[in-house]
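Engineer: Take a look at this one; I'll ask things after.
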Amino acid sequence: MTDKLIIFDTTLRDGEQSPGASMTKDEKLRIARQLERLRVDVIEAGFAASSNGDFEAVKAIAGHIKESTVCSLARANDRDIARAAEALKGAPRARIHTFIATSELHMAKKLRMTREQVLEQARLAVRFARNLCDDVEFSPEDGYRSDPDFLCQVLEAVIAEGAGTINIPDTVGYAVPELYGHFIRQLRERIPNSGKAVWSVHCHNDLGMAVANSLAGVKLGGARQVECTINGLGERAGNCSLEEVVMAVKTRRDYYGLEVGIDTTQIVPASRMVSQTTGFVVQPNKAVVGANAFAHASGIHQDGVLKARDTYEIMRAEDVGWAANKIVLGKLSGRNAFKQRLQELGIELESEAEVNAAFARFKDLADRKSEIFDEDIIALVGDESVTAEQEHYRLLALAQHSETGERPHANVSFAIGGHEHRADADGNGPVDASLKAIESVVKSGAELLLYSVNAITSGSTESQGEVTVRLQHGGRVVNGVGADPDIVVASAKAYLAALNKLHSKTERVAAQG
């Protein structure tokens, strides 16, 4: 008999803490549905008490997800825990994940609490959460840098209060694999009631060892839950990568002796959806989901793969969802075919009006681009994911002139709050001119931190360009993503999308677990 490894996905909570990666409720719900298709065991949907927006997102996900457990993070206080419980009411399977810092540094400098106060608050928080929800997880923030004696005391107490999962976070990515694995094993051996809880690992990637540390926690420490994110998304250097952990355990089942319930064919679709939603492009040489993950340039490698795939491939590309780009629709395709393809891609639009609007955008794209791929459809829907009420800025038209030896010029027409504005400007290039024209009217004062262009599909100059713009203003960092066969138009869309996020005044409270 082999043990089950629980996959706890925190893309929508910890992953969203990447600067600029915050998502709308609809975007979160779309990704949650894909995570359910992926058969993730636990989806950490957000931090319900951090903002009304996050509360509504957790509530929406709890109301739609049927197979996975839906979880909300909560600080170790009654208000946060009650708010999480309220948001999770509609979930068939719910979990409250509460946390408090236990390292000397965090207790003294951040919490300004004594050991006795932290112990008591942890105990009371789990007791309160357990009265509201049958499934409670506890995390000692900065647990790996905590004093083991004190940590054992806290963990024994919260297990006694009903915490069914104990998570040991390496909050700042300080651990190394062997030491982290042994640390968890020692905690389990020293705590008398450790067998009453599932032990979990949550590792950050500051030293590039999040996956290695997590797997060491599983193999050496006996953990049976891994907390991870799609594409390793997360603040600073990111989190443990879901796809890498899952495929390591499946590929090396001989070593780990564990089963995972993940449908691996949904890994690449999940990776693409998260990347296109957040604007965080996946590096080509990223394990499992990178564009080059199954590419062979060396003649020796190519020869070997042609003779026998397992000479150089330890897993099959199709097993994780890679497939040759297939033309799925064209300009002669009808509405029913388009709607069917949306369903196959896991894209669920709320009303027939939204389907009709998406179909109109598809036909417009098909008139300009003869070959429509799955990635184009995902980008097309994601490009319009902001509702009309939230879309304060909207591109109407753009014309630009660029000629060798002449300074580029752009004319842009766009709506602000329903009113049309026109602007023109010169720039160092057509993109620069277009963004300067928009800014001449908007006067946002935002600082441009990042401008990135990525081809949505490869192998053709007809490919749509996907542009990511990252803006910073007043301490807020947001990403805007735009897609279009015309890079200049995609750039203007991305800039306006970022301005829409800046215009939204939703407050967020950062929390690490």
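The values are calculated or read from the model by the stated rules, or taken from the named source; none is laboratory data. Because the structure is predicted, anything quoted here is derived from the model rather than measured. Here the Cβ is made from the backbone with ideal geometry for all residues, glycine too, and neighbour counts use every protein chain on show. Accessible surface areas use protein heavy atoms only, side chains included; no ligands, DNA or RNA. Shrake-Rupley method; radii C 1.70, N 1.55, O 1.52, S 1.80 Å.
Engineer: For the chain, what relative contact order do you get, as a whole percent, if you take Cα pairs closer than 8 Å and at least 6 residues apart?
Structural biologist: On the way: 1065 pairs, mean separation 64.0, N = 513.
Contact order relative to length: 12 percent.
Engineer: Suppose a student asked you for the relative contact order of the range 3-53, using Cα pairs under 8 Å spaced at least 6 residues apart; what percent would you report? Could you put the intermediate results ahead of the total?
Structural biologist: Details: 39 pairs, mean separation 28.1, N = 51.
RCO, the range 3-53: 55 percent.
Engineer: Taking the dipole about the Cα centre of the chain, with the C-beta of Lys and Arg at +1 and of Asp and Glu at -1, give me whichever of MET113, GLN276, MET209 is farthest to the positive side.
Structural biologist: Sorting the options by dipole projection puts first MET113.
Engineer: While we're on this one: Translational diffusion coefficient, Stokes-Einstein: compute it for the range 1-156 using the Kirkwood radius over C-alpha pairs as Rh, at 37 °C and 0.692 mPa s, and state it as an integer in µm² s⁻¹. List each step's numbers first, then the result.
Structural biologist: On the way: Rh = 16.1 Å.
Translational diffusion coefficient: 204 µm²/s.
Engineer: Sort all Cα-Cα distances of the range 207-265 into consecutive 10 angstrom bins from zero, then give the percent of pairs in each bin up to the one containing the longest distance.
Structural biologist: 23, 57, 19, 1
Engineer: For the chain, what is the accessible area per residue in Å², given a 1.4 Å probe and the full set of protein chains?
Structural biologist: Details: 22130 Å² over 513 residues.
Averaged over the residues of the chain, the accessible area is 43 Å².
Engineer: Please report, as a whole percent, how much of the solvent-accessible surface of the range 1-158 comes from carbon and sulfur atoms (probe radius 1.4 Å). Present the calculation step by step, with values, prior to reporting the outcome.
Structural biologist: Values: 2730 of 5820 Å².
Reported share for carbon and sulfur atoms: 47 percent.
Engineer: Output the direction-averaged projected area (hull surface divided by four) of the convex hull of the alpha-carbon atoms of the chain, in nm². Before the final figure, lay out the partial values.
Structural biologist: Working: hull surface 104.4 nm².
Value for the chain: 26.1 nm².
Engineer: Could you give the C-alpha radius of gyration of the range 463-505 expressed as a fraction of 2.2 N^0.38 Å, taking N as the number of residues it contains?
Structural biologist: Numbers: Rg = 10.7 Å, N = 43, 2.2 N^0.38 = 9.2 Å.
Normalised Cα radius of gyration, the range 463-505: 1.16.
Engineer: Next question. Once you've got the Cα coordinates, tell me which of LYS196/LYS250; LYS28/LYS501; LYS331/LYS501; LYS4/LYS59; LYS28/LYS331 are over 22 Å apart.
Structural biologist: On the way: LYS196/LYS250 27 Å; LYS28/LYS501 15 Å; LYS331/LYS501 33 Å; LYS4/LYS59 28 Å; LYS28/LYS331 30 Å.
From the list (LYS196/LYS250; LYS28/LYS501; LYS331/LYS501; LYS4/LYS59; LYS28/LYS331), the Cα-Cα distance tops 22 Å for LYS196/LYS250; LYS331/LYS501; LYS4/LYS59; LYS28/LYS331.
Engineer: Express the C-alpha Rg of the range 234-294 as a ratio against the empirical globular expectation 2.2 N^0.38 Å, rounded to two decimals.
Structural biologist: Values: Rg = 12.5 Å, N = 61, 2.2 N^0.38 = 10.5 Å.
Compactness ratio reported: 1.19.
Engineer: Please report how far the C-alpha centroid of the range 393-456 lies from that of the range 224-257, rounded to the nearest whole angstrom.
Structural biologist: So the two Cα centres are separated by 41 Å.
Engineer: At most 15 other C-beta atoms within 10 Å and a DSSP loop state: those are the exposed trypsin sites (Lys or Arg not before Pro) I care about. Give me the longest piece of the chain that has none.
Structural biologist: 113-235
Engineer: With θ taken as phi - 60° and the coefficients 6.51, -1.76 and 1.60, list the Karplus ³J(HN,Hα) couplings across the range 476-481 in order, rounded to whole Hz; mark glycine and proline as x.
Structural biologist: Result, rounded to whole Hz: 9, 10, 9, 10, x, 10.
Engineer: Now, a different point. Defining a contact as two alpha carbons under 8 Å apart and six or more residues distant in sequence, what relative contact order in percent does the range 87-202 show?
Structural biologist: On the way: 178 pairs, mean separation 30.8, N = 116.
Value for the range 87-202: 27 percent.
Engineer: Right, next: With the convex hull built on the Cα atoms of the range 143-257, state its orientation-averaged projected area in nm².
Structural biologist: 6.7
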